[in-house]
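Structure, as structure tokens:
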Amino acid sequence: MADEQSPSPEKNAITRREFIWLSSLAAAGLMAGCATNPVTGESQLMLVSEDQEIQMDRQYSPFQFSADYGKTQDTELSNYLDRTGKKMAARSHRSHMPYNFQVVNANYVNAYAFPGGSIACTRGILLALDNEAELAALLGHELGHVNARHTAEQMSKGMLTQAIVGGLAAAAGTQGASYGNIASQLGQVSAGALLASYSRDNERQADALGMEYMVQSGYSAAGMVGLMDMLNSMGKHQPSAIELMFATHPMSQERYQTAVQTAEIKYKSAKKNPLYRDRYMDNTARLRAKKGAIDQMQLAEQQMAKKNFSAADTHLRRALKTAPADYTALVMMSKSQLVQKKWAVGRQYAEMAQQSYPQEAQAYHLSGFAKVKLKDYDGALEEFNRYDNVLSGDPNTLFFKGYCYEGMKKYPQAGKEYQRYLQAVKQGNYAKHAYNRLRQWQAKGLI
Ligand SMILES: [Zn+2]
């Protein structure tokens, strides 16, 4: 297949699941009605049911967690976050939702919520927080988005203008596009579309709800002031680290001022509540021990975004010197090598990443991709099967499996995978390749 153009990323494509979901949403739209907002008690246009919120969450959140290098393997930290979040969730307006709180291994500063109650924050933001009250403010804010059903609200509004279709497709096509064509093939199908951009009103409401939940759970309202202060100053001094956070959560001086005033007036009596700084420091100690390595990874990300791969490699080597088994650093190093077309070295780092975190999917995709490039199609197929076992439902895996079978000249099997792929995805270079092959093989009687 040396004569073939390299498989390229999906542009403007939506997955079959998204298509089915959109179709069902459109059907629901015929009966468009209003729902009572659980927080305000007011009637609100709502095309997404609670069951759909939970279902979307279950389908998409695993992809986002994986794109963020998986959930932390530090079980104590993970339990601590879940405990802290669930304490507040129990006091929220939708306490019955299936909440779960995750630390993900990404280095950038962000937190996000899926509409069914899966809430995550990155290790990057945990390093930037100073105490448990600030963490409570962060998780409370995300709980606010879930409770006021902001994602469902944004989607309902989007459906009216059909903007959501473009939104999903655009997200699928832009993933990883920032550092080159190969890079975009290393990513997974995007879940980012569900991380709707909230309106400023949504943000104000989430802040207010976050403060309510945290104070009810016994924290000082000063935690929200501290959080806003940290985000604002980071926005000024390290804007690149916080870009995504600002994109999904519009920030402003106004929100900081509101937090100050609300803490002073509405929650004055709770001002003396504890911040639990020591407890936060104890539970994040192992994470903070990696701060030097994570700083290097953040620098590497900046260099990769500028396509300065040799500079990125230098930072990653420094990160791996102090944290040799860090999954994120190993995956980043693998990606950097693959983007530079150093297939064998890229494969080596992907395999090291697999060893350090066998339950996480990304590294299997990367080694599969490297093996395709090295024309080790049997090996690659094995990797894509493993990937599928860990994280199923990514249509790109169907394409790559087909591509492996094609490499092995096993046309009937290849045809089967390509057909399944085309059922999910209709546009883009992968779809074109699969379609053309099917036609050729049918004409030659190979399938
Ligand atoms: Zn927000």
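At what distance in nm do the modelled label points of residue 385 and residue 252 sit from each other, each positioned 7 Å from its Cα along Cα→Cβ?
Modelled inter-label distance: 5.6 nm.
Indicate the gyration tensor shape class of segment 389-447 (rounded, prolate or oblate), computed on the Cα atoms with a ≥ b ≥ c the square roots of the eigenvalues: a/c under 1.5 is rounded; otherwise a/b larger than b/c is prolate and the rest oblate.
Here segment 389-447 falls in the oblate category.
Which value, in Å² and to the nearest 10, is the accessible area of residue 75 when all protein chains are kept and the probe is 1.4 Å?
100 Å²
Please go through the residue pairs 307/432; 373/401; 373/409; 371/410 and name each one whose alpha carbons sit more than 23 Å apart in this structure. Write down the numbers at each step before the final one.
Details: 307/432 28 Å; 373/401 13 Å; 373/409 16 Å; 371/410 17 Å.
The pairs that break the limit, which is 23 Å between Cα atoms, are 307/432.
Taking θ as phi - 60°, what are the ³J(HN,Hα) couplings along segment 71-77 by the Karplus curve (6.51, -1.76, 1.60), each to the nearest whole Hz, with x for Gly and Pro?
3J(HN,Hα) across segment 71-77, in whole Hz: 6, 4, 8, 7, 5, 5, 5.
Residue by residue through segment 430-438, what is 3J(HN,Hα) from phi via Karplus (6.51 cos²θ - 1.76 cosθ + 1.60, θ = phi - 60°)? Round to whole Hz and write x for glycine and proline.
Result, ordered by residue: 4, 5, 4, 4, 4, 5, 4, 4, 4 Hz.
Between residue 279 and residue 95, with labels modelled 7 Å along Cα→Cβ, what's the label distance in nm to one decimal, could you check?
Distance between label points: 1.8 nm.
Setting aside same-chain residues fewer than 8 positions from residue 271, which aspartates and glutamates have a Cα under 14 Å from its Cα?
134, 212
Through the Karplus equation 6.51 cos²θ - 1.76 cosθ + 1.60, θ set to phi - 60°, convert the phi angles of segment 311-328 into ³J(HN,Hα) values in whole Hz; use x for Gly and Pro.
So the Karplus estimates, Gly and Pro as x, are 5, 4, 4, 4, 5, 5, 4, 5, 4, 6, 5, 8, 9, x, 10, 6, 4, 4 Hz.
What is the sum of charges around residue 87, taking Lys and Arg as +1, Asp and Glu as -1, for the other residues whose C-beta is under 13 Å from the C-beta of residue 87? Walk me through the numbers before you get to the answer.
Details: positive: 83, 86, 91, 279; negative: 82, 132.
Charge balance near residue 87 sits at +2.
Taking 7 Å along the Cα-to-C-beta vector as the label spot, tell me the residue 439-residue 311 distance in nanometres, rounded to one decimal.
Result for the modelled spin labels: 4.5 nm.
Over the Cα atoms, compute the radius of gyration (one decimal) and Dmax (the largest Cα-Cα distance, rounded to a whole number) for segment 342-447, in Å.
14.1, 46
Can you compute the radius of gyration and Dmax for segment 53-99, using only the Cα atoms, both in Å?
Rg then Dmax for segment 53-99, in Å: 12.4, 31.
Sort 350-360, 264-274, 223-233 for me by packing, meaning the mean count of neighbouring Cβ atoms within 10 Å per residue, highest on top. Working shown, then result.
Details: 350-360: 19.2, 264-274: 13.3, 223-233: 22.1.
Sorting 350-360, 264-274, 223-233 by mean packing, highest first, produces 223-233, 350-360, 264-274.
Across every pair of different alpha-carbon atoms, what Kirkwood hydrodynamic radius in Å does segment 214-266 reach? Show your work: numbers first, answer last.
On the way: mean 1/r = 0.0850 Å⁻¹.
Radius from the Kirkwood sum: 11.8 Å.
Taking the DSSP beta bridges in segment 71-145 as the whole, what percent of them are antiparallel, to the nearest 5?
Within segment 71-145, antiparallel bridges account for around 45 percent of the total.
If r is the Cβ-Cβ distance from residue 322 to residue 197 and R0 is 41 Å, what FRET efficiency results, to the nearest 0.05?
0.70
Quick check: from the Cα gyration tensor, does segment 266-368 come out rounded (a/c under 1.5), prolate or oblate?
Since a/c reaches 1.5 and a/b is larger than b/c, the shape of segment 266-368 is classed as prolate.
Can you tell me the alpha carbon radius of gyration of segment 230-307 divided by the globular rule-of-thumb value 2.2 N^0.38 Å?
So the Cα radius of gyration is 1.46 times the expected 2.2 N^0.38 Å.
The values are calculated or read from the model by the stated rules, or taken from the named source; none is laboratory data. In this text, all values refer to a predicted model and were calculated from it rather than measured experimentally. Backbone-built Cβ (ideal geometry, glycine too); neighbour counts: all protein chains shown. Note: areas computed on protein heavy atoms with side chains; ligands, DNA, RNA excluded. Shrake-Rupley method; radii C 1.70, N 1.55, O 1.52, S 1.80 Å.
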